[in-house]
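The values are calculated or read from the model by the stated rules, or taken from the named source; none is laboratory data. Note that the coordinates shown come from a computational prediction; the quantities given were computed from them, not determined experimentally. Cβ sites come from the backbone with ideal geometry, for glycine too, and all protein chains shown count toward neighbours. To get the accessible areas, we keep the full protein, side chains included, count just its heavy atoms, and leave off ligands, DNA and RNA. Shrake-Rupley method; radii C 1.70, N 1.55, O 1.52, S 1.80 Å.
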Amino acid sequence: MFRGKNVVITGGSSGLGLALAKKFAEEGAVVILIARDQEKLEVAVKGINRRGGSAHFFPADVTSGDVMKNTFNRIAAEIGPPDILVNSAGVLREGYFDRLSLETFREVIETNYYGVLNAIKAALPFLIRRQGRIVNISSVAGLMGVFGYTAYCSSKFALTGLTESLRYEMKPLGVRVHLVCPSEFISAMTFNLSETRTPENKAHTLTIPQYDVDTMVRDTISGIKKGKFLIIPGLLCRLTVWSAKTFPALGRWISDFRIRRVFVQRNL
């Protein structure tokens, strides 16, 4: 399915983006990685090519619409038009709402929402011509609220709404759209978060134990191949989301119970 396809992955120098890039390359795709850190991109591409894959990189900041437009024009000219766009670039910020600055909210929204929007806008003319695919990596935090994630959930809920609306607009044009909503998985991002996260956030998010990244990749690729719109990697994660949507009052009670056990009283 992916052999010979040009797959562009934002946030492709690390985490889930890089793990997906390796899998796409194993299946014969040409992967093009976009991220801000050129050194990390070089290491990622060398690793993929050493394993017999075909990988390229373009340093770029997804928060700039002009930069993304120029980047996709370069990709089309130098490598070939994209067939699949995977939006994996993202940042994670956690903390008590009253202590999070407005600048933090803007930073998270700029990357997690506008970064995706900029990439889609830049890639869309090529994807329509090639009847390609858009794969947006959101989060379970884009389906359910989470203690400590007011900034992060805001950005991911916005991305979920964008992706659901986009699906209806793109289907008549032959462009498939996928929304991937993983729970937390073991990565540098979550490892760094564990040093500073609030106890309430830890208790709430780990209602679903952290998965390994291989499960995230396997279920994401499988969902794309099956043509699923909503892809929730991990069986336990899927069951948790289903139960929370089917029995919302019970889901809130369980969350409140877990939070209450570790709640830290503080002066607001």
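In order along segment 90-103, phi translates into HN-Hα couplings of x, 10, 10, 10, 10, x, 5, 3, 5, 10, 7, 7, 4, 5 Hz, rounded to whole numbers, per the Karplus curve 6.51 cos²θ - 1.76 cosθ + 1.60 with θ = phi - 60° and x for Gly and Pro. Every pair of different Cα atoms in segment 114-248 enters the Kirkwood calculation, which places the hydrodynamic radius at 15.8 Å.
Considering only protein heavy atoms and a probe of 1.4 Å, how much of the accessible area of the chain is carbon and sulfur, as a whole percent? All intermediate terms of the calculation are to be shown ahead of the outcome.
On the way: 7220 of 13250 Å².
Carbon and sulfur: 54 percent of the exposed surface of the chain.
Its DSSP H runs of at least 4 residues, each contributing -39,500 (n - 2.57), put the calculated 222 nm mean residue ellipticity of the chain at -16000 deg cm²/dmol, to the nearest 500.
The trypsin sites (Lys or Arg not before Pro) of segment 165-268 that meet both conditions, a loop assignment by DSSP and at most 10 other Cβ atoms within 10 Å of the site Cβ, are 226, 266.
Rolling a 1.4 Å probe over the protein heavy atoms gives the chain an accessible area of 49 Å² per residue. A cut-off of 5 Å between modelled amide H atoms, ignoring neighbours fewer than 5 places along the same chain, links residue 56 with 31, 32, 33.
Global size of segment 11-70: 11.2, 34 Å for Rg and Dmax (C-alpha atoms, Rg to one decimal, Dmax whole).
Å³ per residue of the Cα convex hull, for the chain? Please list the in-between numbers first.
On the way: hull volume 33.4 nm³, N = 268.
Taking the convex hull of the Cα positions in the chain, it is 125 Å³ per residue.
Comparing 172, 188, 161 along the charge dipole axis of segment 155-202, the residue lying farthest to the positive side is 172, per the Cβ-charge model.
For the chain, the Cβ-based charge dipole about the Cα centre amounts to some 760 debye (Lys, Arg positive; Asp, Glu negative; other atoms uncharged). Each Lys or Arg adds one and each Asp or Glu takes one away; over the other residues whose Cβ falls under 9 Å from the Cβ of residue 262, this sums to +3.
About the Cα centre of segment 20-61, what is the dipole size in debye to 20, counting +1 per Lys and Arg Cβ and -1 per Asp and Glu Cβ, all else neutral?
Working: 7 positive and 6 negative charges, 34 e Å.
For this selection, approximately 160 debye.
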